[in-house]
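K.L.:
The structure follows.
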Amino acid sequence: MRVLVVEDDLIVTDAITRSLSEHHYAVDTAEDGAIGWECVESTTYDLILIDVGLPKLDGITLCQRIRDRGCGTPILLMTAKDDSTYRIRGLDSGADDYLAKPFDLEELQARVRALLRRGTVAASPVLTIGKLQLDPRSCQVTYAEKLLPLTPKEYSLLELFLRHPSRVFSCGDIIEHLWTFDDPPQEESVKSHIKGLRQKLKAGGAVDWIENVYGLGYRLREGIEANPEQSTQSYDNQVAQLWEQYRGLMKERFTVIQHAVDTYPLSIELREAAERAAHKLAGVLGMFDRDEGTQIARQLEKQFEAQAELPVEEVRSMVRRLGDILNLSAPAESGGSPLNSSQMSDSESEVFRNRRDAKQSLRSWTVLAVDDDPIILATLKQLLEPWGMCLTGIDNPLQFWTVLSAINPDLLILDVEMPQMNGVALCQAIRANPTWQSLPIVFLTAHQDTATVQQIFAAGADDYVVKPIVGQELLSRLTQRLERLRLLQTLSTRDSITGLANQFYSSQAIEAQFRNHQTTSLAILYIPTLRQINIEQGHTLGNQILKQTGQCLQASFCDGEILGYWRNGEFIIASSQTTKALLQQQLLEVVAMLQQQHLETPNLIYRYAAVNYPTDGLTLRSLYQTASLCLEG
């Protein structure tokens, strides 16, 4: 389990980190509320511990901001102020629990375990599935009362699977939950830990419990079968229920086709209605294992488009065969329908909140699907939500922009052909909007011709899936797209060791200040001996120095100042709020503080220099060159 501790007292932070690490939690730390907020925005946590009295952004405000973001991760507030007013404010802000300082570390552990149990597989402190038991208090795992000797990472992996037995975790999900920023592993390392856990479970008698779901990730197979209360209904059963739910709509579409065939020659209106009905049936029948029905419906669609001129008796024979495939003689069962655009304006806030709360400690991707066919939307919902994707479906594209702004999705699914608006045109409008230019878009289409595919990609689509939807293909494509999105979100802005903006992102921010004609002081803080430290004493110490330098800079400078790490021991500070002389004075204090922390590292050397825009240069490049010359001098 991955935990974030937002605490400005280094002693308290160290004590909590040690205590949680001993129980195999992966712990990230932040020294103020602003850094804590950046961590929450870029990473998924299973639990967040927040001190109330934080610099830059206080704990209660941070808690409110996290909840306003729609994040349901459990939050434990900590404070030295034993006042009921603070407790009430903290709980009202969205916190799940409250702990007054000074606190006992064993009590902290108990509260952590209680918060992590909420919404998970077991109400008991011990996680139990079949003969397998994991006790978070003792960090022991047994199978059939036999102790299993797991490594810390194997233990954490098993705990993750036991707490969420119906969830498939990709390698990216596992890394996000079980590793910190300081030690991100390669994908091969994750696979190695999975292999080790499998072998030890097998040796203990739990054979083939860790299932590899091709193209998606891993899940606990036995947990799904042995715990029916927590298991998700099989996709096949869900599809069968959908078929019964929408039998009436299927019959309506078939009746339109049947009426058209019996009414030759056709009016323009009836031809168009029959063409739409055949197109809809072609798009959904394959999802219900009626592939022959899909083929017949496509042939009928071409017939009504006048692209095929078949004899009337042959067309009627095809329609009779389609009726046999649909088997519509049974009475239709009424059922609910997906969220439509008319319902959205009245209930969207409650729906979104409930969906997000239901996911709590797991990362939930928000997916928006636009399709005028309610059967497609219902099927997508049944297919995607068990895999951690919260789907909002709208059947009226005219309401698209309102819903888009309301839910801020991670990914968009569009149908190509819709009555009120063409999906390709909508995609072009999205790509022309600066706010949504980078939103991943996946199309659903019943057409496989080259012209349609070229049109889709020319409009700015990222991918497409052909109807009728094949569940495994759609899941694999969406998962890969979202994994890439998560990776890009992390890599595009922050350095993983220091927690500061990377070179590309911080350079853009500084140049934006120049474009706004702001007088800016720029400084370089450089560790010339970093490579020597890495060679002589190891990268562990070097990375620790980099991390502490980043934390110290964040604690010493205000929110409006730009901090970046440009690699090779080089930090950049840009400020429009202070002079070059004051910036140098601040860096002198930072260096003194850092050297005090590393008295036992005599070869640790810091150098710094500050310059001013536009006095010392008119571009970032010229300012950097001037500051670098000052460092060498």
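Any read-out appearing in this document is the output of simple, stated calculations on the displayed coordinates, not a laboratory observation. Remember, predicted model here, so these are calculated numbers, not experimental data. Ideal geometry is used to build each Cβ from the backbone, glycine not excepted, and the neighbour counts take in all protein chains shown.
K.L.:
Relative contact order (percent) for the stretch 503-632, with alpha-carbon contacts under 8 angstrom and 6 or more residues of separation?
P.N.:
Values: 174 pairs, mean separation 48.1, N = 130.
Reported relative contact order: 37 percent.
K.L.:
I need V319, V453 ordered by Cβ neighbour count within 10 Å, fewest first. The partial results should precede the final answer.
P.N.:
Details: V319 19, V453 16.
Going from sparsest to densest Cβ surroundings: V453, V319.
K.L.:
Give the separation of the Cα centroids, the stretch 4-38 to the stretch 604-633, in Å.
P.N.:
A separation of 35 Å, based on Cα centres.
K.L.:
For E176, E313, E589, what's the fewest-to-most ordering of other Cβ within 10 Å of each Cβ?
P.N.:
Ordered from fewest to most neighbouring Cβ atoms within 10 Å, E176, E313, E589 come out as E313, E589, E176.
K.L.:
Quick query: amide H of D97 versus all other amide H atoms, modeled in the peptide plane; which residues come in under 5 Å with a sequence gap of 5 or more or a different chain?
P.N.:
I75, L77
K.L.:
If I model the stretch 503-632 as equal point scatterers sitting on the Cα atoms and use the Debye formula, what is log10 I(q)/I(0) at q = 0.13, 0.15 Å⁻¹?
P.N.:
Taken in order of the listed q values, log10 I(q)/I(0) reads -0.51, -0.68.
K.L.:
Counting pairs of alpha carbon atoms under 8 Å apart in space and at least six apart in sequence, what relative contact order in percent does the stretch 237-326 give? Can you show the working numbers first?
P.N.:
Details: 79 pairs, mean separation 24.9, N = 90.
Relative contact order of the stretch 237-326: 28 percent.
K.L.:
Could you give the nm distance between label points at Q199 and D324, where each point is 7 Å from its Cα heading toward the beta carbon?
P.N.:
5.7 nm
K.L.:
A further question on this structure: What are the residues whose amide H is under 5 Å from the amide H of V213, where those residues sit 5 or more places off or on another chain and H is modelled from the backbone?
P.N.:
For V213, the qualifying residues are Y218, R219.
K.L.:
Sort T294, T17 by Cβ crowding within 10 Å, fewest neighbours at the top.
P.N.:
On the way: T294 21, T17 18.
Going from sparsest to densest Cβ surroundings: T17, T294.
K.L.:
Moving on. Given a Förster distance of 35 angstrom, what is the FRET efficiency for D289 paired with I268, based on the Cβ-Cβ distance and rounded to 0.05?
P.N.:
0.50
K.L.:
While we're looking at this one, here's another question. Less than 15 Å Cβ to Cβ from A282, Lys/Arg counted +1 and Asp/Glu -1: what total charge do the surrounding residues give?
P.N.:
That works out to -4.
K.L.:
What ³J(HN,Hα) values, in whole Hz, does the Karplus curve 6.51 cos²θ - 1.76 cosθ + 1.60 give for the stretch 563-579 when θ = phi - 60°, with x put for Gly and Pro?
P.N.:
Using θ = phi - 60°, the values come out as 10, x, 10, 9, 6, 6, x, 10, 10, 10, 10, 10, 9, 9, 10, 8, 8 Hz.
K.L.:
If I take every Cα pair under 8 Å that is 6 or more residues apart in the stretch 2-117, average their sequence separation and divide by the length, what percent do I get for the relative contact order?
P.N.:
24 percent
K.L.:
Would you mind checking which residues have amide H under 5 Å from I605's amide H? H placed 1.01 Å from N; only 5 or more apart, or other chain.
P.N.:
T529
K.L.:
Next up: Apply the Karplus curve 6.51 cos²θ - 1.76 cosθ + 1.60, θ = phi - 60°, to the phi angles in the stretch 421-438 and return the couplings in whole Hz, x for Gly and Pro.
P.N.:
Coupling constants for the stretch 421-438: 7, 7, x, 5, 5, 5, 4, 4, 5, 5, 5, 7, 8, x, 5, 10, 4, 9 Hz.
K.L.:
Residue by residue, what Karplus-based ³J(HN,Hα) values in Hz, rounded to whole numbers, does the stretch 197-213 have, using 6.51, -1.76 and 1.60 with θ = phi - 60° and x for Gly and Pro?
P.N.:
So the J values, rounded to whole Hz, are 5, 4, 4, 6, 5, 5, 4, x, x, 8, 8, 6, 7, 8, 9, 8, 8.
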